[in-house]
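In what follows, a structure is listed as structure tokens, so that the remarks can point back to it.
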């Protein structure tokens, strides 16, 4: 069925460390992008239409969108680095769903 497990070396633990490090950097970046886009394209226009914010608040949308774009680019880089470190983890752990 499956091969007997072997003891992990320090290099294997280092690969696991880098994989988890990239994942924990990636996760807050994705949440930041989602909240920034939600604020810029849903909350601010809704508050302007209902009159809770003045029309001048519409000027904040462009900087928020640009910030979301920069954070999205950083998240893509973190995702690529995480996938790259996943290939190192696959050397000793071939099952991703368990």
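Using equal-weight Cα scatterers in the Debye expression, the normalised intensity of segment 47-98 in log10 at q = 0.25, 0.28, 0.32 Å⁻¹ is -0.92, -0.98, -1.08.
Highest GNM mean-square fluctuation among 77, 60, 37, for the chain modelled with Cα contacts below 10 Å: 60.
Readers should treat all values here as calculations from the given coordinates under stated rules, not as data from a laboratory. In this text the structure is predicted, and so the values were computed from the model without any measurement.
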